[in-house]
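Down below is the structure, laid out as structure tokens.
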Amino acid sequence: MVDDLFDVDREGAVVVRVWVQPGAKRAGLAGRHGDALRLTVCSRPERGRANADACNQLAELLGVQRRSVSLVGGATSRGKRLRVEGLGPAAARERLAALLASRHGEPGQAGIVE
């Protein structure tokens, strides 16, 4: 069940909850953190670098253009809300489920951290 990982805003865009671990050795999807995706990023949380890396990483994982993902909440905390334009709720549900399934099935693929 991945419906608890995202909301849909008034314009119909998907807003994904993520928990970011900055300064990691390897960047990628590290599973779930409660009702959020857990992403690891290599950059440090200085001058928005970790936020930008989290946006870029989510775009890559979901298969959307990088400019389609923007930070809408949590700029200075590990818990963030990332808005994904051009991806409907059904597609988000499908892609997030596939990502989490592959996380448990085959680590090391598609930016997934072991």
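The values are calculated or read from the model by the stated rules, or taken from the named source; none is laboratory data. It should be emphasised that the depicted structure is a prediction, and the values quoted were computed from it without experimental measurement. Counting neighbours? That spans all protein chains shown, and the Cβs are built from the backbone with ideal geometry, glycine included.
Quick rundown of the values:
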read-out	value
Subset tally (residues that are buried (at least 19 other Cβ atoms within 10 Å of the Cβ), part of a helix (DSSP H, G or I) and touching a strand residue (DSSP E or B) at 6+ places or on another chain (Cβ under 6 Å)) for the range 69-98	1
Complete set of residues in the range 1-20 that are surrounded by 18 or more Cβ atoms within 10 Å (Cβ to Cβ) and at pLDDT below 90	V2
Total residues in the range 29-68, condition assigned to a loop (DSSP other than H, G, I, E, B) and touching a helix residue (DSSP H, G or I) at 6+ places or on another chain (Cβ under 6 Å)	3
Restricting the range 21-59 to residues that are closer than 20 Å to A97 by Cβ, without any contact (Cβ under 8 Å) to a residue 60 or more places away in the chain and over 9 Å from the mean Cα position of the chain (by Cα), the residue that is surrounded by the most Cβ atoms within 10 Å (Cβ to Cβ)	H33
Near pairs, Cβ below 9 angstrom, 6+ apart or cross-chain, from the range 1-18 (without any contact (Cβ under 8 Å) to a residue 60 or more places away in the chain) to any residue that is part of a helix (DSSP H, G or I) and surrounded by fewer than 18 Cβ atoms within 10 Å (Cβ to Cβ)	M1/A97
Failed condition for A59, given (1) modelled with pLDDT of 95 or more; (2) in contact with a Leu (Cβ under 8 Å, 6 or more places away or on another chain)	(2)
Failed criterion for L82 (all others in (1) over 21 Å from T40 (Cβ atoms); (2) at pLDDT 95 or above; (3) among the aliphatic types (A, V, I, L, M) hold)	(1)
